[in-house]
1. Kindly provide the set of residues from the stretch 73-87 that are more than 19 Å from PHE42 (Cα to Cα) and in contact with an Asp or Glu (Cβ under 9 Å, 6 or more places away or on another chain), ordered by number.
2. Looking at the stretch 244-266 only, could you name the residues that are hydroxyl-bearing (Ser, Thr, Tyr) and part of a loop (DSSP other than H, G, I, E, B)?
3. Does THR67 count as among the β-branched types (Val, Ile, Thr), within 25 Å of GLY267 (Cβ to Cβ) and at pLDDT below 90?
4. Going through GLY266, GLY277 one at a time, which residue ends up being out of contact with any strand residue (DSSP E or B) (no Cβ under 8 Å at 6 or more places or on another chain) and over 17 Å from ALA63 (Cα atoms)?
5. Hey, could you check the stretch 256-276 for residues that are surrounded by fewer than 21 Cβ atoms within 10 Å (Cβ to Cβ), at pLDDT 85 or above and of a type in the set (Gly, Ala, Ser) and say which is nearest to SER155 (Cα to Cα)?
6. State whether the residues of the stretch 36-52 include one that is among the hydroxyl-bearing types (Ser, Thr, Tyr), surrounded by fewer than 20 Cβ atoms within 10 Å (Cβ to Cβ) and either in contact (Cβ under 8 Å) with a residue 60 or more places away in the chain or in contact with a Cys (Cβ under 7 Å, 6 or more places away or on another chain) (or both).
7. For LEU219, state whether it is under 29 Å from PHE129 (Cβ atoms) and not in a helix (DSSP H, G or I).
8. VAL295 is checked against (1) touching a residue at least 24 places away in the same chain (Cβ under 8 Å); (2) surrounded by fewer than 17 Cβ atoms within 10 Å (Cβ to Cβ); (3) out of contact with any Ser or Thr (no Cβ under 8 Å at 6 or more places or on another chain) and fails just one. What number does that condition carry?
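The values are calculated or read from the model by the stated rules, or taken from the named source; none is laboratory data. Fair warning: this is a prediction, and the values are worked out from it, not measured in the lab. Cβ sites come from the backbone with ideal geometry, for glycine too, and all protein chains shown count toward neighbours.
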Amino acid sequence: MALAESVSMSLSSNDSTSPDVKSDGRAPNHLGFLAFTTLCFFAASSTPTPLYHLYQEAWGFSAGVLTLIFAVYAFSLLAALLMGGSLSDYLGRRPVIFGALLLQSVSMLLFILASDVSWLVAARLLQGFATGLAASALGAALLDSDSVKGPLINSISPMLGMAVGALGTALLAQYAPLPLMLGYCLLLAAFLSQALYLGRVEETVSRQPGVWQSLKPSLHVPQQARRMLWLVLPVDIAAWALGGFFLSLSPSLLVAATGSTSPLNGGLAVAALTLSGAAAILTLRQREPVLGLWVRASFLPLGVAVILLS
């Protein structure tokens, strides 16, 4: 999942450089709204994580089924990125964001009403597609709104959002009523409110023909960047694979390792991972890329070793 989200940041940056973006003055700055909406989408992506063990206790499914629930989200998100990554360049930012908000709202309803594993699979499938559509359109809209702050917000929002989603849901599950519903209800209210507010955000892209052709899956890497991509890719895959491991299996493994069934354990584990990732982005963003790569490559095996020792 997280690797797909990493791709989404690149795709959204490419989309926002479209020559069809209006250049006759800046749109009114809705940077805060766009940042909050992005954060909510990624918060929703990690909301089920602290609840997986509760679902397993209630419905008795295996770790393999849990992996399937997680995997359908990743594949649907990637499919949305590959097919709809440039959709907002043709339809406009607002229609794509609005559609993603509606799909995400439906997925929240599926989580709220879930009575067995099939509901979770359907909810995650829809949620992944909604997040993929939103990631590219919101990333482009952030850059349209502010070419300096927009890329930074687009880089750290997924990390901060996943931390908020996992830790917030864990706290609600631990101390509030309706542990399998309340977090989704709050997110549903947020997404519906954002869909209503979206009408106040000025469109920055003129609608143009070619929508159906844009849906053909594509992934373009500039020639000059391909060598660096192959150098970075192994570290990137390893880092995001670790993130996927934490977001899917860490709550169940923590229960087995510690004997504690508190949802806070899983929420804290995910928050520690994603918040440190956000801190790394903020710390290294103005340093040489090679330095950032070496830091990542060095700390990754060290972190895995600490996990194994614990």
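1. If we filter the stretch 73-87 for residues that are more than 19 Å from PHE42 (Cα to Cα), which is where we start, we get 83, 86-87.
Within the stretch 73-87, SER86, LEU87 meet the criteria.
2. So the first thing to find is which residues in the stretch 244-266 are hydroxyl-bearing (Ser, Thr, Tyr), and the list is 248, 250, 252, 258, 260-262.
Answer for the stretch 244-266, where residues must be hydroxyl-bearing (Ser, Thr, Tyr) and part of a loop (DSSP other than H, G, I, E, B): SER260, THR261, SER262.
3. Working: among the β-branched types (Val, Ile, Thr): yes; within 25 Å of GLY267 (Cβ to Cβ): yes; at pLDDT below 90: yes.
So THR67 fits the description; yes.
4. Values: GLY266 fails: over 17 Å from ALA63 (Cα atoms).
Just one listed residue meets the conditions, GLY277.
5. SER276
6. In the first step, residues of the stretch 36-52 are kept if they are among the hydroxyl-bearing types (Ser, Thr, Tyr); the result is 37-38, 45-47, 49, 52.
Checking the rest, the ones that are also surrounded by fewer than 20 Cβ atoms within 10 Å (Cβ to Cβ) come to none.
No, the conditions are met nowhere in the stretch 36-52.
7. On the way: under 29 Å from PHE129 (Cβ atoms): yes; not in a helix (DSSP H, G or I): yes.
Considered against the rule, which asks whether it is under 29 Å from PHE129 (Cβ atoms) and not in a helix (DSSP H, G or I), LEU219 comes out as yes.
8. For VAL295, the exception is condition (1).
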